[in-house]
Amino acid sequence: MFEAVKSPFLVPFNGEFRLSQASTLVKTVADDKKYKKRLEKLVNELEDLQRRLYASDKHSVLLVFQAMDAAGKDSTIRAVMSGVDPTGCQVFSFKQPSSEELDHDFLWRTAKSLPQRGRIGIFNRSYYEEVLVVRVHPEYLGGQKLPYMVDLDELWQQRFESIRDHEKHLARNGTVVLKFWLNVSRDEQRKRFLSRLDDPQKYWKFSAGDVQESSHWDEYMNAYKQALNATSRPWAPWYAIPADDKPYARLQVAEIIVESMKSLGLQYPEASKRHFEEIEEMRDQLEKPV
């Protein structure tokens, strides 16, 4: 079963993760050109690894992205996955659940979108919304048609247990689960909101609801801390990525994905003796004059 690759941003598995230890900005001397060159190299590596993943057909990869609004989830996904064959990659965004989704358990809508073997699946938000947004806004539980209500603290613990069981089941069956929390500071989020107001091409990104949600910042930070501590495991690790500097964040995400896939030892399948014989037979037929 897959185990997490090392990184300074790996959330520990013992429940001792603290927000005070999670930086939103890492100062480096590298310039944007160096970041870009390094990212291009990683994107090329990821393209090759995805082809090997598809050819070997034994594993799938699930990338989960969670963050506060304006943290850069969309742009990170675009930048890191830009070189991957679209037929080998699937992206799903999960927003407010539909009435059909509310008629199922909270894992159903994401479970039916899991990547098949040989593919990379990306969740832009995920089942973790049920212990983040819903935890900050417990009134949403009223629409979830739960058969019975328990103490809220117990409910979150039950959902954490369900998530851990779900992710361990995926890992046992060949899915590499990598989870990224893009950790943006409140001040940087404010600056990015303002930039959307200053750029007509970004007006579509702006929502008054985003600003309203930022007023619950401390509640969200507590929810993230609880979720990461409860669900970061060797087979389904969380990485708390400093996200105030977008190029740096993209580079760290790419490096973790590449190193994780390298650890699988992906290889193209070797042709059997019979396969070689079939190849030679086909060659003979194709080389005959028409």
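Only one entry of 128, 148 meets the criterion of being hydroxyl-bearing (Ser, Thr, Tyr) and part of a loop (DSSP other than H, G, I, E, B), and that entry is 148. Being of a type in the set (Ser, Thr, Tyr) and free of Cβ contacts under 8 Å to residues at least 24 places away in the same chain holds for only one residue in 162, 82, 98, and it is 98. Taking helices (runs of 4 or more DSSP H) as the structural unit, those lying wholly within segment 210-290 and holding at least 2 residues that are of a type in the set (A, V, I, L, M), in contact with a helix residue (DSSP H, G or I) (Cβ under 8 Å, 6 or more places away or on another chain) and over 30 Å from residue 43 (Cα atoms) correspond to 217-231.
Scanning segment 169-183 for residues that are part of a helix (DSSP H, G or I) and either touching a Lys or Arg at 6+ places or on another chain (Cβ under 7 Å) or surrounded by fewer than 16 Cβ atoms within 10 Å (Cβ to Cβ) (or both) gives 169, 172.
Let's see how each residue does on (1) surrounded by 12 or more Cβ atoms within 10 Å (Cβ to Cβ); (2) within 25 Å of residue 104 (Cα to Cα); (3) free of Cβ contacts under 8 Å to residues at least 40 places away in the same chain:
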site: 141; (1), (2), (3): yes, yes, yes
site: 156; (1), (2), (3): yes, yes, no
site: 188; (1), (2), (3): yes, no, no
site: 196; (1), (2), (3): yes, no, no
site: 204; (1), (2), (3): no, no, yes
site: 210; (1), (2), (3): yes, no, no
site: 221; (1), (2), (3): yes, no, no
site: 229; (1), (2), (3): yes, no, no
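Looking only at segment 184-209, residues that are more than 17 Å from residue 75 (Cα to Cα) and touching a Phe, Trp or Tyr at 6+ places or on another chain (Cβ under 7 Å) come to 2 in all. Does residue 117 qualify as being over 15 Å from the mean Cα position of the chain (by Cα), modelled with pLDDT of 95 or more and either part of a helix (DSSP H, G or I) or within 21 Å of residue 72 (Cβ to Cβ) (or both)? No, not satisfied. Any residue at all in segment 94-106 that's more than 30 Å from residue 265 (Cα to Cα), of a type in the set (S, T, N, Q) and outside any loop (DSSP other than H, G, I, E, B)? Within segment 94-106 (the criterion being more than 30 Å from residue 265 (Cα to Cα), of a type in the set (S, T, N, Q) and outside any loop (DSSP other than H, G, I, E, B)), the answer is yes, since at least one residue qualifies.
Does at least one position in segment 181-191 carry a residue that is within 22 Å of residue 162 (Cα to Cα), of a type outside the set (Ser, Thr, Tyr) and modelled with pLDDT of 95 or more?
yes
Just one residue in the set 195, 98, 185 is polar (S, T, N, Q) and in contact with a Leu (Cβ under 8 Å, 6 or more places away or on another chain); that residue is 185.
The values are calculated or read from the model by the stated rules, or taken from the named source; none is laboratory data. As the structure is a computational prediction, the values presented were derived from the model and not from experiment. Please note: Cβ atoms are built from the backbone with ideal geometry, for glycine as well, and neighbour counts cover all protein chains shown.
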